[in-house]
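Written out below as structure tokens is the structure these notes cover.
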Amino acid sequence: MFGLNPKDARLLIIVAIMVVAAPVLLNPFPEGSNLAQFNAGYPDLMQRFVIFGIFAIGFNILFGLTGYLSFGHAAFLGIGSYAAIWMMKLLTMNIIPGIIVSVIVAGVFSLAVGWISLRRSGIYFSILTLAFAQMCYSLAYSVLTPITGGETGLQPKVNDPRILDAATNDGVVPKTNLFGLEMTSSTEIVMGGWVFTLNAGYYVAALVMLISFYISIRIFRSPFGVMLRAVKSNQQRMNYTGLNPKPYTLAAFVISGMYAGLAGGLMVAMDTQAGADRMFWTASGEVVLMTILGGVGTLIGPVLGAGAIKYMENILSKINKDILHQWFALLPDGLEDVIVALIYPFVGKGWHLTLGLLFMLVVIFLPGGLVEGGQRIAALFKRKRKPEDARSGKSTEPAE
Amino acid sequence: MSKTTLTRRGVLSRGAVAGAGLAVPTIFTGSSVAGFTNEPTGGAVTLGFNVPQTGPYADEGADELRAFELAVEHLNGGGDGGMMSTFSSNALEGTGILGKKVEYVTGDTQTKSDAARASARSMIEKDGAVMISGGSSSGVAVAVQALCQEAGVIFMAGLTHSNDTTGKDKKANGFRHFFNSYMSGAALAPILGANYGNDRKAYHLTADYNWGYTTEEAVRTSTEAIGWETVAAVKTPLTQTDFSSYIAPVLQSGADVLVLNHYGGNMVNSLTNAVQFGLRDKIVNGKQFEIVVPLYSRLMAKGAGANVKGIFGSTNWHWSLTDAGSQAFVKSFGTKYGFPPSQAAHTCYVQTLLYADAVARAGSFNPCAVAEALEGFEFDGMGNGPTLYRAEDHQCFKDVLVVKGKENPTSEFDLLEIVEVTPAAQVTYDASIFGGDLGSCNPGA
């Protein structure tokens with residue numbers, strides 16, 4: 001289907017179903033219960049899941065296929081954001097021009113950065129990209145304040161030109177929209193104790209994510225993708241056979257830069273703020289973590305990794321001491337305090353610790369990331385159920 | 001499922017289903033169930049306290065959170081009531097807000113705009129917060145204020161000193177009690193003139209971001225107005241920890257006053273470097289060399305230790321003030337936590353009470369009604385004397401404290417002494433000088 005082999009088509013369909021049903025799947029606990037704390041089905045976080053999913057998918061095209069570890073991808077995300085917000089300030093609050101321009105600008109910029117950085121490989125390449133990203137961050141934070149808003153960042157204002165939009169005179173900044181469909185508009189479905197929020201912005205972002213995911217599958221399966229894998233496995237051999245790897249790596253770099261720009265543009269479309277923070281080197285490190293946590297070089301891994309990290313950042317970090325005491329209120333006082341004292345360092349502002357532990361466990365025991373974990377579990381069940389499969393040589397290949 | 005057979009009919013029907021699925025959210029758009037965002041319906045109302053729990057301003061954030069907890073306790077009728085007894089408005093009765101018990105959720109801004117917005121959005125979308133408060137940086141305040149404007153909830157700014165928050169980035173749903181760079185400059189200049197003379201040459205070191213720019217601008221304008229000359233203004237990177245290379249050229253420049261437009265750790269380091277270089281023992285142009293720090297906080301004074309002795313600066317509030325409101329607040333804060341509150345704690349506590357009071361007076365949680373109740377509101381008994389919440393830019397106008405590092409501190413909290421209380425009239429400015437547009441209030445939904 002769509003030029004995909006059946007296995008990939010199945011993966012795409014499963015992802016599509018998950019994405020469409022996310023508002024329900026992510027809200028498994030009824031409103032008002034103690035466990036509602038763990039619900040993640042609110043628009044902001046769902047948008048973040050898919051947007052960072054796009055970012056990680058794009059990063060994986062470079063890192064997963066060619067093995068070039070860029071430590072500066074957040075710069076493209078930030079540049080995409082700035083481009084998009086300027087489009088919204090100058091042209092229209094419709095998200096289409098903003099997103100298109102953010103992809104183009106990020107693409108042009110990554111072409112320039114890639115052109116220079118790709119002269120080196122390995123650690124030198126990583127350091128070069130890191131240097132570029134930090135340079136962009138510093139510029140955006142102070143020197144370029146007139147364009148970037150510096151520390152404060154940029155938001156749409158009432159008195160922006162917005163030359164394509166009809167003039168508003170009621171002093172309200174129009175919301176970002178897709179031909180009139182406002183990104184913030186939501187429908188709440190109440191079912192017993194459960195509340196599910198279907199948000200327009202989320203579905204727009206999700207649709208873009210599915211398209212990006214589809215394109216990424218096509219790249220993985222194309223002759224171009226094979227070339228990129230060749231760069232990763234043995235670049236010297238490639239050189240000896242008379243192939244120049246540079247155009248391939250540069251193309252991969254630009255494509256992943258454009259993905260990052262797309263993610264940046266979408267971020268602005270969903271939440272109209274562009275700031276220098278998102279270009280900081282820790283943001284570049286985060287996408288590396290996402291990709292490795294989920295599974296480098298796998299199709300779905302980066303999306304899973306992005307989800308896992310964003311979930312922890314937004315849900316785990318909000319559990320404070322009071323909430324813990326509430327959970328364990330039934331236990332005897334002394335025991336309650338001990339348990340809370342044991343758990344507390346790992347939640348709230350200590351969520352980084354939990355993430356670090358999880359990351360270590362994954363890297364040590366599941367070098368293939370969460371995807372490998374899933375495959376191992378699947379294999380466990382498969383072996384028990386159908387021993388004849390292996391005999392007939394029909395064993396299903398893991399979904400890359 | 002090793003082979004997928006595709007038929008025209010199959011594709012069409014699947015496409016139709018997918019299309020319908022995607023169209024669902026568009027059909028029900030703009031479901032206005034409530035009159036405004038997060039209208040509290042049960043017996044409780046949720047406030048969102050968004051403070052830095054990690055990062056460079058974590059100390060301030062922790063103190064803000066203590067103040068918020070204290071304010072909620074007082075609003076719900078617990079504790080000794082703190083400033084509620086000295087507050088000039090009597091709309092609050094210690095029974096929550098409009099009879100609804102006050103509950104709160106907390107979040108970590110990390111002093112990053114993106115993180116702060118994510119945290120605030122989750123409070124609004126997930127926890128149903130009807131007001132967001134807190135924060136310890138102007139960048140975060142401006143970002144979260146814009147978000148609250150968009151979402152249709154009230155934003156009560158915490159510690160944010162840049163002119164921008166209620167200047168070029170002001171919003172109808174946002175309110176600031178804290179003072180700003182302009183007021184610091186206007187309050188400091190006469191004191192500096194009286195103590196150091198009117199023919200000084202100033203050298204500015206400015207943190208290279210928005211707050212630094214507005215502070216430098218404010219101090220520069222107001223000191224030049226009394227006859228000072230600005231020799232040079234050098235920007236220093238925010239991440240700088242060693243300022244030696246920036247201090248060295250100061251003496252060669254012929255300047256006899258160094259103005260440090262730095263905050264937090266930056267100020268602690270630059271001041272320490274300047275004192276270590278012996279700047280304060282130098283005689284330049286026949287005058288004693290002096291150092292000025294426009295924005296002081298107790299936490300910074302603590303970090304810089306003995307180096308702050310005798311150095312002038314301005315602050316929003318100090319716990320040693322003797323008016324009834326300040327004393328009531330210091331007493332209940334001290335009883336609960338064992339030490340006096342910082343100015344960040346004070347402004348957050350006051351903002352929470354002011355919000356609650358505005359709701360009570362308006363008789364509604366609707367952001368537009370609350371904004372109307374706050375606009376032009378005059379009150380007293382909150383520690384800063386008679387105060388006006390100006391309607392034009394949602395900025396509080398009140399007395400500004402000019403302080404000086406104490407020569408003989410008696411405790412680790414007793415580091416600043418109040419030199420003068422500059423009356424509000426002297427720091428008041430025209431609302432239009434910073435540009436910006438308040439827009440109209442947004443109730444959301």
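The values are calculated or read from the model by the stated rules, or taken from the named source; none is laboratory data. Remember, it's a predicted structure, so these values are computed and weren't measured experimentally. FYI the Cβ positions are ideal-geometry reconstructions off the backbone, even for glycines, and counts take in every protein chain you see.
Tabulated data
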| item | result |
| --- | --- |
| Odd one out for B:Gly439 among (1) under 18 Å from the mean Cα position of the chain (by Cα); (2) within 14 Å of chain A (Cβ to nearest Cβ) | (1) |
| Failed criterion for A:Gly242 (all others in (1) part of a loop (DSSP other than H, G, I, E, B); (2) farther than 30 Å from B:Lys170 by Cβ; (3) within 12 Å of chain B (Cβ to nearest Cβ) hold) | (3) |
| One residue from A:Ser185, A:Ser212, A:Ser222, A:Ser216 being facing another protein chain (nearest Cβ under 10 Å) and of a type outside the set (D, E, K, R) | A:Ser185 |
| Among the residues listed as B:Gly227, B:Gly265, the single one being farther than 17 Å from B:Phe312 by Cα, among the small types (Gly, Ala, Ser) and at pLDDT below 90 | B:Gly265 |
| Which numbered condition A:Ile211 misses (of (1) surrounded by fewer than 15 Cβ atoms within 10 Å (Cβ to Cβ); (2) in a loop (DSSP other than H, G, I, E, B)) | (2) |
| Residues located in the range A:125-152, provided they are assigned to a helix (DSSP H, G or I) and farther than 16 Å from A:Ser284 by Cα | A:Leu139, A:Tyr141, A:Ser142, A:Val143, A:Thr145, A:Pro146, A:Ile147, A:Thr148 |
| Scan of the range A:185-203 for residues that are out of contact with any strand residue (DSSP E or B) (no Cβ under 6 Å at 6 or more places or on another chain) and surrounded by 23 or more Cβ atoms within 10 Å (Cβ to Cβ), ordered by number | A:Gly201, A:Tyr202, A:Tyr203 |
| Failed item in (1) farther than 30 Å from A:Trp194 by Cβ; (2) in contact (Cβ under 8 Å) with a residue 60 or more places away in the chain, with B:Thr206 passing the rest | (2) |
| Residue that is farthest from the other protein chains (Cβ to nearest Cβ), among those in the range A:1-59 that are under 23 Å from A:Ser216 (Cα atoms) and not in a helix (DSSP H, G or I) | A:Gly3 |
| Residues within the range A:91-124 that are assigned to a loop (DSSP other than H, G, I, E, B) and either within 14 Å of another protein chain (Cβ to nearest Cβ) or of a type in the set (S, T, N, Q) (or both), tallied | 3 |
| Criterion violated by A:Tyr141 - all others in (1) of a type in the set (Phe, Trp, Tyr); (2) touching a helix residue (DSSP H, G or I) at 6+ places or on another chain (Cβ under 6 Å); (3) closer than 22 Å to A:Ala306 by Cβ; (4) within 14 Å of another protein chain (Cβ to nearest Cβ) satisfied | (3) |
| Criterion violated by B:Gly338 - all others in (1) without any contact (Cβ under 8 Å) to a residue 40 or more places away in the chain; (2) more than 23 Å from B:Ala58 (Cβ to Cβ) satisfied | (2) |
| Sole residue being among the aliphatic types (A, V, I, L, M) and at the interface with another protein chain (Cβ under 7 Å from one of its Cβ atoms), chosen from A:Val190, A:Val173 | A:Val173 |
| Boolean, B:Val219 is crowded, with 24+ Cβ neighbours inside 10 Å, under 28 Å from B:Ser342 (Cα atoms) and not assigned by TED's automatic domain parsing to the domain that holds B:Ser253 | no |
| Some residue of the range A:34-52 being in contact (Cβ under 8 Å) with a residue 40 or more places away in the chain, within 27 Å of A:Ala230 (Cα to Cα), out of contact with any helix residue (DSSP H, G or I) (no Cβ under 6 Å at 6 or more places or on another chain) and among the aromatic types (Phe, Trp, Tyr) | no |
| Matching option when the condition is farther than 28 Å from B:Trp317 by Cα, outside the structural domain of B:Ser119 (by TED's automatic domain parsing), in a strand (DSSP E or B) and over 27 Å from the mean Cα position of the chain (by Cα), among B:Val231, B:Val250 | B:Val231 |
| Residues (surrounded by fewer than 16 Cβ atoms within 10 Å (Cβ to Cβ) and within 22 Å of B:Thr165 (Cβ to Cβ)) located in the range B:391-424 | B:Ala391, B:Glu392 |
| The range B:59-75 - residue that is in contact with an Asp or Glu (Cβ under 9 Å, 6 or more places away or on another chain) and either closer than 17 Å to A:Gly348 by Cβ or surrounded by fewer than 24 Cβ atoms within 10 Å (Cβ to Cβ) (or both) and, of those, nearest to the other protein chains (Cβ to nearest Cβ) | B:Gly61 |
| Residue satisfying condition, being modelled with pLDDT of 90 or more and more than 7 Å from chain B (Cβ to nearest Cβ), within set A:Thr168, A:Thr148 | A:Thr148 |
| Conditions (1) out of contact with any Pro (no Cβ under 7 Å at 6 or more places or on another chain); (2) away from every other protein chain (no Cβ under 11 Å); (3) of a type outside the set (Gly, Ala, Ser); (4) part of a strand (DSSP E or B): number failed by A:Phe196 | (1) |
| Residue match in the range B:274-288 (condition: under 27 Å from B:Leu159 (Cα atoms) and outside any loop (DSSP other than H, G, I, E, B)) | yes |
| Residue in the range A:266-279 that is among the small types (Gly, Ala, Ser), within 22 Å of A:Val15 (Cβ to Cβ) and buried (at least 17 other Cβ atoms within 10 Å of the Cβ) present | yes |
| Qualifying residue in the range A:115-132 (condition: buried (at least 24 other Cβ atoms within 10 Å of the Cβ) and of a type in the set (D, E, K, R)) | no |
| From A:Gly334, A:Gly307, A:Gly297, A:Gly265, residue being in a loop (DSSP other than H, G, I, E, B) and either away from chain B (no Cβ under 14 Å) or β-branched (Val, Ile, Thr) (or both) | A:Gly297 |
| Enumerated strands (runs of 3 or more DSSP E) restricted to the range B:89-189, each holding at least 2 residues that are at pLDDT below 95, buried (at least 24 other Cβ atoms within 10 Å of the Cβ) and away from chain A (no Cβ under 13 Å) | none |
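Matching residues to (1) without any contact (Cβ under 8 Å) to a residue 40 or more places away in the chain; (2) crowded, with 22+ Cβ neighbours inside 10 Å; (3) out of contact with any strand residue (DSSP E or B) (no Cβ under 8 Å at 6 or more places or on another chain); (4) not hydroxyl-bearing (Ser, Thr, Tyr):
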residue: B:Gln276; (1), (2), (3), (4): yes, no, yes, yes
residue: B:Asp281; (1), (2), (3), (4): yes, no, yes, yes
residue: B:Asn285; (1), (2), (3), (4): no, no, no, yes
residue: B:Gly303; (1), (2), (3), (4): yes, no, yes, yes
residue: B:Leu321; (1), (2), (3), (4): no, no, no, yes
residue: B:Ala324; (1), (2), (3), (4): no, no, yes, yes
residue: B:Lys331; (1), (2), (3), (4): no, no, yes, yes
residue: B:Gly334; (1), (2), (3), (4): yes, no, yes, yes
